[in-house]
Amino acid sequence: MGLVKYLTKRFFAILVTISLVLAVGYVLIYISPGTFYSAANMGQGLSQLQVSDPALYTQYLNSLNSRYGLNQPLIEQVGKYVWHSLSFNFGTSFQNPSVPIVHQLASALPISAILAFGAIGLAVALGVPLGVLAALKRNTWLDSALTSVSMVGQAIPAFVLAVLLVLVFGVWFPGILPVSGWGNFGEAVLPIVALSAGNVAVVTRYTRGSMVEALRQDYVRTAEAKGIPYRRVVLRHALRNSLVALVTVIGPTFAFTVLSTVWVEQIFTIPGLGTLLATAFQNKDVPMSITSVYILSLLIVGMNLVVDLLYRVMDPRVKLE
Amino acid sequence: MAAITATAGVAVRAPRRHSQLSLAWRRYKRNRLALAGAVVVFVYLVLGLIGPWVAPQNYATTNFLYANHPPSLRFPFGTDNLGHDMLSQVLWSMRNAIEVTFGASLLSLVIGVVLGLWAGMRGGLADMVIMRLVDFMFAIPGFFLSLFLVVAMGYTILPVLLAIGIPGWAQYARLVRGLVLGMRNGEMVEAARAFGASRAHIARLYLLPNVANSVFVAFAFGVPFDLIVMAGLSVVGLGLRPPLPSFGNMIAQAGTNVLGYPWLMYFPAAIFAVILISFLFVADGLQEALNPKADEGGRIGRQRRGGRARRLGSRGAF
Amino acid sequence: MAEDLLSVEDLRVEFERSDGTVYAVNGVDFSVAPGETLGIVGESGSGKSVSVLSIMGLLRGNGQVTGGTAKFMGKDLLKLRRRQLEDIRGRDIGMIFQDPMSSLNPTMRIGDQIMEGMLAHQYTNHKGAFNRALQLLEEVGIPEARARFRSYPHEFSGGMRQRAMIAMAVACEPQLLIADEPTTAVDVTVQTQILVLLRELQQKQRMSVVLITHDFGVATNVCDRIIVMYAGKVMESAPLADFLARPAHPYTIGLRRSVIEVGTQAHQLKAIPGVATTLMAPPHNCPFAERCQWVTDLCRAEVPELRPLSDGHFVACHRAEEVLAEAGANGAERAAPRGDGASASARSRGAWSQAGDEATLHA
């Protein structure tokens, strides 16, 4: 299949997936108890107004309802909402009606992206060499040490590690690295470490496994028989083919990392997308909560597409489908 | 627990499985980490069951005279800013965690197995629709759906259980469908059919035992994953609402309290981590013991390699 | 013996397994003269592949050389450091493996895989390696070399992959080519083509060839001398003519009776009873004893040494003379129709001639 045709197909698949996310999110919030605005910031003001000036309240409510299209039938609301979101026309949030959601995203998204991509990058940069090392020294103490550590690392979720890091660098050794906030390089270190630890473990174990398998392959023996220096045999032949398998695991790992940024941002009080999402859901800020999920989903789905293309590039046997 | 009895049930129905189960147990016993994990999980389950009775205080009891009290004889785990006894909080959290995670995993399992069997046995349109849905659920983390479900349903035990359990089905459905398809076309079933075995007979004798093993392993991985999701919901403020105690709440609050009152973090986070690791060891051990074939090609088998990535990242996606 | 290119003496290889030590090679001797084609024949598990792999330092996992020497151009390959061995592998000794699919790197272009060895050995510069790779592709019979240079292994057919393997192995003009079951995984017609190709290259580059095969037909078609291995030991070693006319080991005779040729009726076949054994202890008797119809108490008590029977003909059997007298002629019977008359002289002219004739027909 040609690349253009493949991309078109994938584009529509993504469109359907994302639309479904938006629609399901909207409907679930729609049927949730309470009125649309009851929990958001303006809910309080509105309910006071309802008591003090019912007429003005009704007027406000009507104009809000028409602004958010709530006076239309549900199916129409959903359709419109999905369409607006897909065309990146998010409107304003309930919490912060004077600032367009796009502006809030513009400052929050880069932060979360740096965290997620930083964590994945660090995981690959550390995990691949460690995995290769474990595979080359397999069944030695080094191998078992690396395997055990990464097994534990895999089991601990990022938010627990984040709290632990806050303890270490906030209580035991204060002043080395900042444990909260966002704005300079130092403040990015601990969150990225917390996020990538599990990923390092995943990548290490995965690389080890596929390297052990690759080193056993006949083509590695062929390369050795050709008299290729062992270093190159390991890197160009064994590792190069292991990476093909590794690429496939990057997709799911990235998805989980994006999810983890939501948690880790809470612990380190970082004003990223995760914080937008958490505040929005806590306050039932309908547009903001759906939009933040939408953007995070887009990030994940986009990364999956990139991974699939990368897989295609790395393994000539794979055909796009 | 329910799942364990389920496997035992299989053993009773098909006596031939006895030897296989004892073989599996022998394989499991060899894995020391898995054994240790099983002990911890057992203690956790017992504490979760009896916790509410042995806890020194009710989870909602506050004592402002002893707010933020460091660990002492009276309060072994210390107290928080409202004077909750942290030991009681931990014990009650275990109870809540067990109810929510086992309930949620079981719910995912039931939905997933039913849909997976349906898709695999029926094929055709049903298969196509269900598999499209599975693809969709795998594309985006199920956590996001959980968020919406919690908002829609509320912040007590049952809603949180449902919110975690509903998005988790796709994993089981895909697993079961794959097994059914593999076996429907497999030689074993073909041979049985050649001998004139009926459909139901084949399903009961060949399909169920094989499916049961794999599903049980998936369940063993599912419970700790749901534990993470449950705590994760609390971290973004959408888990069990206080005064209901949960590990997630304690850990999330510890993040802000850790500078002044680090004991609020020590005990819940450490216990939570140990439980998670133990569950994973148990699941790993079960996988090795029940699905030895999945472990071909080195000590880290295909399924275990990147196991967490696949499981946690795209498992039960939205 | 001084002029031998490769001379292996008393080679021993063991594998550590969870259920004990496997004695895969138990004191193997053989040598290859310049320009000679040596065939090593045996069932799978007889240690023939393991022998050459261990010489090349390519043993996998827990296999270990526990004794012996392998002199190649004056150097003992078994005592070389990895770096020194890497210099010899691919440069002086080329190697071809059985399964051309799994033996080629799936993510590397064929041309790059051919060039790689030349560049590693600094056989020529990048441009030279590129040109030689193109030339090699043409030489091994791959059309449109320039386009095929950029292909990946999965885009090749089985025969083409094996041709590419051969191009890779001979790229640096090695003096010795080891072919480990090169025709086992390919179709019969392709098999002949590959054998012809090997012969052409051998003559052109004046290489010695060690051909490992389980196929007696292949071995007798192309080899100057044949070694029969069983349970990690050499059973018989003889020049082709002797081998065809005067086989003296019961196992050799058994193997030849097992060969199925076109027109062979089942009653004419005579299978060797039992299965090939895996030795879990060093041999203390004739390893073939339990399957041998000539077996005596001596065979069960003492390991027969490889001893000369006539000039260049060695055999490891306590009763070789009797076997030769009694059954050797019988055993040769089956080969006789091919071994006498015109084809016999053709055979003695050159080991590869018959394959060559067939190839002319194919071409």
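Summary of values
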item	result
Span-rule helices in chain C, defined as complete DSSP H runs reaching 20 Å or more along the axis (Cα) with Kyte mean at least 0.0	C:188-205
Local electrostatic count at C:P282 - Lys and Arg +1, Asp and Glu -1, tallied over other residues with Cβ under 10 Å	0
Within straight-line cross-link reach of B:K29, lysines at Cα separation under 29 Å, skipping those fewer than 8 residues along the same chain	A:K137, B:K293
For the stretch B:214-226, 3J(HN,Hα) per residue [Karplus equation, 6.51 cos²θ - 1.76 cosθ + 1.60, θ = phi - 60°, Hz, x = Gly/Pro]	5, 5, 4, 4, 4, 4, 4, 7, x, 4, x, 5, 5
Ordering of B:70-82, B:265-277 by packing [mean C-beta count within 10 Å, highest first]	B:265-277, B:70-82
The stretch C:2-87: GluC sites (Glu not before Pro) falling in loop per DSSP and having at most 14 other Cβ within 10 Å	C:E3
Net charge, A:V128 excluded, C-beta distance under 13 Å - Lys, Arg +1, Asp, Glu -1	+3
Under 5 Å, built H, 5+ apart or other chain: amide partners of C:K233	C:N26
No Cys partner within the rule (Cβ under 4.7 Å), chain C	C:C172, C:C223, C:C292, C:C317
Cα Rg, Dmax (largest Cα-Cα span) when computed across the stretch C:204-304, Å	15.2, 51
Degrees between helix A:240-267 axis and first principal axis of chain A (Cα, 0 to 90, nearest 10)	40 degrees
Partner lysines for C:K270 [C-alpha distance under 26 Å; skip if fewer than 8 residues away on the same chain]	C:K48, C:K233
Relative contact order (%) - criterion: Cα under 8 Å, at least six apart; region: chain A	25 percent
Charged-residue dipole, Cβ positions (Lys, Arg, Asp, Glu), the protein assembly as shown about Cα centre, Debye nearest 20	1520 debye
Neighbourhood net charge (15 Å Cβ-Cβ; Lys/Arg +1, Asp/Glu -1) for B:S246	-1
Alpha-carbon gyration tensor eigenvalues x 5, square-rooted, for the stretch C:100-171, Å	18, 13, 10
Nearest 10 degrees, 0 to 90: helix A:273-282 Cα axis against chain A principal axis	40 degrees
Chain C, relative contact order in percent, only Cα pairs under 8 angstrom and at least six apart counted	20 percent
Calculated diffusion of the stretch A:107-282, Stokes-Einstein form, Kirkwood radius summed over Cα pairs, 25 °C and 0.890 mPa s, µm²/s	141 µm²/s
Average partner coverage of A:105-118, which counts Cβ from other chains inside 10 Å	0
Residues C:T107, C:T66, sorted so that the one with the fewest Cβ neighbours within 10 Å comes first	C:T66, C:T107
For chain A: rounded, prolate or oblate by the Cα gyration tensor [a/c cutoff 1.5]	oblate
J(HN,Hα) series, the stretch B:273-278, from Karplus relation 6.51 cos²θ - 1.76 cosθ + 1.60, nearest Hz, glycine and proline x	5, 4, 4, 4, 4, 4
Shape metrics for the stretch B:93-249, restricted to C-alpha atoms - Rg then Dmax, Å	18.0, 62
Rounded to whole Å, sorted largest first: equivalent-ellipsoid semi-axes of chain C, Cα gyration tensor	35, 25, 18
Structure-based [θ]222 nm, chain A - -39500 (n - 2.57) summed over DSSP H runs of at least 4, per residue, nearest 500	-25000 deg cm²/dmol
Pairwise Cα inverse-distance average, inverted: Kirkwood Rh of the protein assembly as shown (Å)	33.1 Å
Degrees separating the helix A:41-52 axis from the principal Cα axis of chain A, which is the longest one	10 degrees
Neighbouring partner chain Cβ atoms per residue of A:195-203, average, 10 Å criterion	2
Partner lysines for A:K9 [C-alpha distance under 23 Å; skip if fewer than 8 residues away on the same chain]	A:K319
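Bear in mind that the values in this text are calculations on the coordinates, not laboratory data. Not measured: the values here are computed from a predicted model. Every residue, glycine among them, receives a Cβ derived from its backbone with ideal geometry; neighbour counts consider all protein chains shown.
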